[in-house]
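Presented below is the structure to which this report refers.
The values are calculated or read from the model by the stated rules, or taken from the named source; none is laboratory data. Since the structure is predicted, the reported quantities are computational estimates derived from the model, not experimental observations. FYI the Cβ positions are ideal-geometry reconstructions off the backbone, even for glycines, and counts take in every protein chain you see. Keep in mind that these areas ignore ligands, DNA and RNA; they rest on the heavy atoms of the full protein, side chains included. Shrake-Rupley method; radii C 1.70, N 1.55, O 1.52, S 1.80 Å.
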Amino acid sequence: MQQLELRLNSDYVELNQLLKLTGVCDSGGAGKALVASGVVSVDGKVELRKTCKIVAGQKVTIGDLLIYVLPRRASS
């Protein structure tokens, strides 16, 4: 299984934007279509809400791709 990590820049990222930021999709619109097709899972459950808020600690799965969502870096 291929694994990616995404470090947040804020408290959360919308699911369709996460797919865009990790390079799974070319655009947020393509991310919405992918979510709508029912192939995206969040923490092991199929997620159909295109703009659901993904927070640090969650895992997003698309086929054999696993994306770990990491917290934003503490500012110094």
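Couple of notes before you dig in:
- The requirement of being within 13 Å of L6 (Cβ to Cβ), out of contact with any helix residue (DSSP H, G or I) (no Cβ under 6 Å at 6 or more places or on another chain) and open to solvent by 60 Å² or more (accessible area, probe 1.4 Å) is satisfied by K59.
- Cβ separations smaller than 8 Å between residues 6+ apart or across chains give the following pairs from the stretch 31-43 residues that are touching a residue at least 12 places away in the same chain (Cβ under 8 Å) and part of a strand (DSSP E or B) to residues that are open to solvent by 60 Å² or more (accessible area, probe 1.4 Å) and not β-branched (V, I, T): V42/K59.
- Close pairs (6 angstrom Cβ cut-off, 6 or more residues apart or separate chains): among the basic types (K, R) and at pLDDT 95 or above in the stretch 4-20, open to solvent by 60 Å² or more (accessible area, probe 1.4 Å) and not in a strand (DSSP E or B) anywhere: none
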